[in-house]
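Engineer: Pasting a structure below so you can have a look.
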């Protein structure tokens, strides 16, 4: 993994600020702006603890990825997993990530249809899904630099909005602003059934939606393959994760729970919008609705980018059809991205047939795929350390902290999450679909002779700086 950088072509246009904001774009999306409603309904105020636990898992997973990703390769963690866990593991990880990104995109598409009902309650949900698909599809078929700039703008909008919501919410609490400000107060955290209104079981039930909210953060490793200076930009992006989690998740949810009693958060619209709508600050509710739509667009944009790049890496390693490995002159994997967009048309159909249930089904399925990919990243990093000489460990440019205890904590937490999906009946369908996908791709792996077709890993050839 010590290949020297080759000359850089002009399309490799993601700078440090792009990597930071792509990481934010994948982390601050529908899971926070909409999925948080379901998590709050399940756990009540104790959902704050779930976000802290989930954030710790994400941090150790990203540090594991960061340790490996400072040496970028096209295909990212699918390549690292194959190097340290074997051919099948790399193949499954890459395809599961693409599957995850598609499912997360479906959730985001669905959320946009729900958000638009705030202004156009009589319009079919699927029409907005079609419009969204056209916008993000065009953005992903443009150049890498255009993608980065669009994501940069999207993320600035939603980060500014979350910060403004926290500040505005704090002002309502402090000065009693709004038409119904009497319902607001920190006492909402314990007055409506206590901090654990549904017991520990309710808190556990919220794990799935909370982890869904963090899904996609691993795209930092994928974006690193397009970075101009990955050895600096990736560590900086990963190290901002704790601050992002505390501010954008724990801080925002804390304000939401304090502004309104948690039982009133219904999920019919974004909790962020509902809070200000309920308090009579209608102009803020409308503005926030525009922001959460922007957030969903941003997340879809980032997820299509990540899935396309990983599938391209798989194709270059003979783990996907060769056609998926073709790169256009502007650096975009056109065939892969086009295929992804076509598959997303399924989202249009689902929103037309099952508009009320599609988000819940898709979110839980996305969680399965997400935590599976995280598990493989963690195991790959542990595998990379297993036979690493002590002097090489000391020379690591971005070593994982608290190794191996943080890794073991994250791995056990993910195993516990799979146990939750087995225990609760409403997660059986997405669990069955996720396991079914694993089985299907495993059969295809052996039926198509992939074990013999896989070429030895050559980090120098996979270095995107050679393209």
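The values are calculated or read from the model by the stated rules, or taken from the named source; none is laboratory data. None of the values given here were measured: they were computed from a predicted structure. Heads up, the Cβs are rebuilt from the backbone with ideal geometry, glycines too, and the neighbour counts pull from every protein chain shown.
Engineer: So, of the residues in the stretch 75-91 that are touching a residue at least 24 places away in the same chain (Cβ under 8 Å) and surrounded by fewer than 24 Cβ atoms within 10 Å (Cβ to Cβ), which turns out to be nearest to residue 452 (Cα to Cα)?
Structural biologist: 87
Engineer: A further question on this structure: Just wondering, is there one or more residues in the stretch 293-302 that are under 20 Å from residue 69 (Cβ atoms), crowded, with 20+ Cβ neighbours inside 10 Å, at pLDDT below 75 and under 22 Å from the mean Cα position of the chain (by Cα)?
Structural biologist: Yes, the stretch 293-302 contains a residue that is under 20 Å from residue 69 (Cβ atoms), crowded, with 20+ Cβ neighbours inside 10 Å, at pLDDT below 75 and under 22 Å from the mean Cα position of the chain (by Cα).
Engineer: Hey, another quick one. Look through 402, 398, 418, 413 and report the one residue that is surrounded by fewer than 13 Cβ atoms within 10 Å (Cβ to Cβ) and either in contact with a helix residue (DSSP H, G or I) (Cβ under 9 Å, 6 or more places away or on another chain) or modelled with pLDDT of 85 or more (or both).
Structural biologist: Answer to the check: 402.
To keep it simple, each residue is scored yes or no on (1) under 23 Å from residue 327 (Cβ atoms); (2) at pLDDT below 85.
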{"position": "33", "(1), (2)": "no, yes"}
{"position": "54", "(1), (2)": "no, no"}
{"position": "57", "(1), (2)": "no, no"}
{"position": "73", "(1), (2)": "yes, yes"}
{"position": "78", "(1), (2)": "yes, yes"}
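Engineer: Oh, and also: Would you confirm whether any residue within the stretch 363-382 is more than 24 Å from residue 88 (Cα to Cα), at pLDDT 70 or above, outside any loop (DSSP other than H, G, I, E, B) and out of contact with any strand residue (DSSP E or B) (no Cβ under 6 Å at 6 or more places or on another chain)?
Structural biologist: Among the residues of the stretch 363-382, at least one is more than 24 Å from residue 88 (Cα to Cα), at pLDDT 70 or above, outside any loop (DSSP other than H, G, I, E, B) and out of contact with any strand residue (DSSP E or B) (no Cβ under 6 Å at 6 or more places or on another chain), which makes the answer yes.
Engineer: Right, another one. Restricting the stretch 212-264 to residues that are at pLDDT 75 or above and not in a helix (DSSP H, G or I), which is surrounded by the fewest Cβ atoms within 10 Å (Cβ to Cβ)?
Structural biologist: If we take residues in the stretch 212-264 being at pLDDT 75 or above and not in a helix (DSSP H, G or I), then 240 is surrounded by the fewest Cβ atoms within 10 Å (Cβ to Cβ).
Engineer: Next question. Specify the residue that is farthest from the chain's Cα centre (by Cα); the eligible residues are those in the stretch 391-414 that are within 18 Å of residue 84 (Cβ to Cβ), without any contact (Cβ under 8 Å) to a residue 60 or more places away in the chain and not in a loop (DSSP other than H, G, I, E, B).
Structural biologist: Checked the stretch 391-414; the qualifying residue farthest from the chain's Cα centre (by Cα) is 392.
Engineer: Within the group 448, 442, which residue is modelled with pLDDT of 90 or more, surrounded by fewer than 15 Cβ atoms within 10 Å (Cβ to Cβ) and farther than 22 Å from residue 61 by Cβ?
Structural biologist: One residue alone meets the criteria, 442.
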